[in-house]
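Peer 1: Sharing a structure below in structure tokens format, with a few things to ask.
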Amino acid sequence: MNKDQFILAIETSCDETAAAIIKNGQEIMANVVASQIQSHKRFGGVVPEIASRHHVEQITIVVEETLRQANMDIGDMDAIAVTEGPGLVGALLVGVNAAKALAYANQKPLIGVHHIAGHIYANRIEQEFTFPLLALVVSGGHTELVLMREHGSFEIIGETRDDAAGEAYDKVARTLDLPYPGGPEIDRLAQVGEETIDFPRAWLEEGSFDFSFSGLKSAVINSLHNSKQRGEVLKKEDVAASFQASVVEVLTEKTFQAAKRYDVKQVVLAGGVAANKGLRQELTKKFNEASIPLSIPPLNLCTDNAAMIGAAGAIAYEQGHRAGWDLNANPSLDLERYGSRKQL
Ligand code: KG4
Ligand code: ZN
């Protein structure tokens, strides 16, 4: 690359208003995230209408702060990238319209990015990809094993048939009366608890790389209910440790089997649940033993941010993908289709 490439990226798919500037697809010049967690906490989950309103209030401030931190001007950018989906439609629309306005006013190319492609590309900020690559995507809305044979191409080889891993964490946390978001709370309790309850592991049919977490969630609810009826009190720490052990074992084992089956050269972990200590430990142990390179993003790049959108947007930019002025928020954007389309 003879000239440095700079991408301004925007992410507003859920409850974080985020902007970042990425140099050459791999270097963070600035990465600003305005979290709304405090506003949603008292409702026990993300309220879409409140999320949209916060994004409207924050987006200009966050973009200006990003430029200020990078000490750059919008004129220095090669392109503007934005999450176009999946996510909450009202939330996505704020980012998409901000990106369109910035791109149009400054005559810059506009690039639409798939949120999950972003989560996967968070790993490329640290380290170059080697293909074929397998990504374990575990977020609040998605649980997927994604095979990548080259940059920008995504093949889903397994996915959840019911709840996403993060969703299971959040639902179980709610039954344990833990604050939102429940994933980090369960993770924290699991570190000090003991695996005293043998919860089920949903392996599904032989050779399947799909997941299922709803049975586990019901098993946790049933065991809390039954113990209450018997007048016993289960320690929250032990329930958390036992639940986490089931989730982590299934995720780790299925990822390992898929990595062997497709003979991949690299495995990457992606999505909000990638912040989970238990999962990070088990995957590291398993893949180290098998000498298969594993990449795990730093904590601030696991949960929603715009640096990852810039990293994925940089590849889309190099591959010639361009969005038109009719770019729209797409709450159910498909990852495989996103990867196979070309907007030249
Ligand atoms: O990727 P993300 O920030 O948003 C989506 O795209 O969905 O993921 C959010 C999810 C939530 O369900 C949250 O509870 C979960 O990630 N999460 C965790 C941890 N940190 C965040 N789950 C388990 N352990 C954690 N440490
Ligand atoms: Zn996410």
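The values are calculated or read from the model by the stated rules, or taken from the named source; none is laboratory data. Treat the numbers as computed from the prediction; the structure is a model and nothing was measured. All Cβ positions, glycine included, derive from the backbone under ideal geometry; neighbour counts span all protein chains shown.
Peer 1: Which of the residues spanning the range 1-46 are closer than 12 Å to D304 by Cβ, at pLDDT below 90 and out of contact with any helix residue (DSSP H, G or I) (no Cβ under 7 Å at 6 or more places or on another chain)?
Peer 2: S35, I37
Peer 1: Which residues, counting only those in the range 268-306, are among the β-branched types (V, I, T), outside any helix (DSSP H, G or I) and within 13 Å of ligand 2 (Cβ to nearest atom)?
Peer 2: Scanning the range 268-306 gives a single hit, T303.
Peer 1: I'd like to know if the range 52-59 contains one or more residues that are in contact (Cβ under 8 Å) with a residue 60 or more places away in the chain and in the same structural domain as Q36 (by TED's automatic domain parsing).
Peer 2: Within the range 52-59 (the criterion being in contact (Cβ under 8 Å) with a residue 60 or more places away in the chain and in the same structural domain as Q36 (by TED's automatic domain parsing)), the answer is no, since none of the residues qualifies.
Peer 1: For R341, all conditions in the list (1) in contact (Cβ under 8 Å) with a residue 24 or more places away in the chain; (2) within 28 Å of N24 (Cβ to Cβ) hold save one; what is the number of the exception?
Peer 2: Failing condition for R341: (1).
Peer 1: If you don't mind, another one. Regarding N288, is this residue assigned by TED's automatic domain parsing to the domain that holds S223 and farther than 22 Å from G158 by Cα?
Peer 2: It is true that N288 is assigned by TED's automatic domain parsing to the domain that holds S223 and farther than 22 Å from G158 by Cα.
Peer 1: Would you say A122 is among the small types (G, A, S), in contact with a Leu (Cβ under 9 Å, 6 or more places away or on another chain) and more than 16 Å from ligand 2 (Cβ to nearest atom)?
Peer 2: No.
Peer 1: In the range 1-35, which residues are part of a strand (DSSP E or B), more than 15 Å from A98 (Cβ to Cβ) and of a type in the set (D, E)?
Peer 2: E27
Peer 1: So which residues in the range 145-176 are small (G, A, S) and near ligand 1 (Cβ under 10 Å from one of its atoms)?
Peer 2: Answer for the range 145-176, where residues must be small (G, A, S) and near ligand 1 (Cβ under 10 Å from one of its atoms): A164, A165, G166, A168, A173.
Peer 1: Let me ask something additional. Check off (1) under 21 Å from the mean Cα position of the chain (by Cα); (2) under 28 Å from F154 (Cβ atoms); (3) part of a helix (DSSP H, G or I); (4) not aliphatic (A, V, I, L, M) for Q38 and give me the number that stays unchecked.
Peer 2: Among (1) under 21 Å from the mean Cα position of the chain (by Cα); (2) under 28 Å from F154 (Cβ atoms); (3) part of a helix (DSSP H, G or I); (4) not aliphatic (A, V, I, L, M), the lone unmet condition for Q38 is (2).
Residue-by-condition table, conditions (1) surrounded by 19 or more Cβ atoms within 10 Å (Cβ to Cβ); (2) within 8 Å of the chain's Cα centre (by Cα); (3) closer than 18 Å to T252 by Cβ; (4) away from ligand 1 (no atom under 16 Å from the Cβ):
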| site | (1), (2), (3), (4) |
| --- | --- |
| Q107 | no, no, no, yes |
| G112 | yes, no, no, yes |
| I116 | yes, yes, no, no |
| N123 | yes, no, yes, no |
| E126 | no, no, no, yes |
| T130 | no, no, no, yes |
| G140 | yes, yes, no, no |
| T143 | yes, no, yes, no |
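Peer 1: For the condition more than 14 Å from ligand 1 (Cβ to nearest atom) and crowded, with 23+ Cβ neighbours inside 10 Å, what is the one hit in I61, I28, I80?
Peer 2: Matching residue, one of I61, I28, I80: I80.
Peer 1: Within the range 74-93, track down each residue that is away from ligand 2 (no atom under 16 Å from the Cβ) and either part of a helix (DSSP H, G or I) or under 29 Å from P48 (Cα atoms) (or both).
Peer 2: Scanning the range 74-93 gives I74, G75, D76, A79, I80, G90, L93.
Peer 1: Which residue is farthest from G313 (Cα to Cα), if the candidates are limited to the range 41-73 and must be in a helix (DSSP H, G or I) and among the acidic types (D, E)?
Peer 2: E49
Peer 1: I've got another one for you. Go through A51, A99, A79 for me and flag whichever is touching a strand residue (DSSP E or B) at 6+ places or on another chain (Cβ under 6 Å), under 23 Å from G272 (Cβ atoms) and of a type outside the set (V, I, T).
Peer 2: Being touching a strand residue (DSSP E or B) at 6+ places or on another chain (Cβ under 6 Å), under 23 Å from G272 (Cβ atoms) and of a type outside the set (V, I, T) holds for just one of A51, A99, A79, which is A99.
Peer 1: Taking E289, is it surrounded by fewer than 24 Cβ atoms within 10 Å (Cβ to Cβ), touching a residue at least 24 places away in the same chain (Cβ under 8 Å) and over 15 Å from the mean Cα position of the chain (by Cα)?
Peer 2: When the stated conditions are applied, E289 does not pass them.
Peer 1: I would also like to ask the following. Can V248 be described as within 24 Å of A122 (Cα to Cα), of a type outside the set (G, A, S) and under 19 Å from the mean Cα position of the chain (by Cα)?
Peer 2: yes
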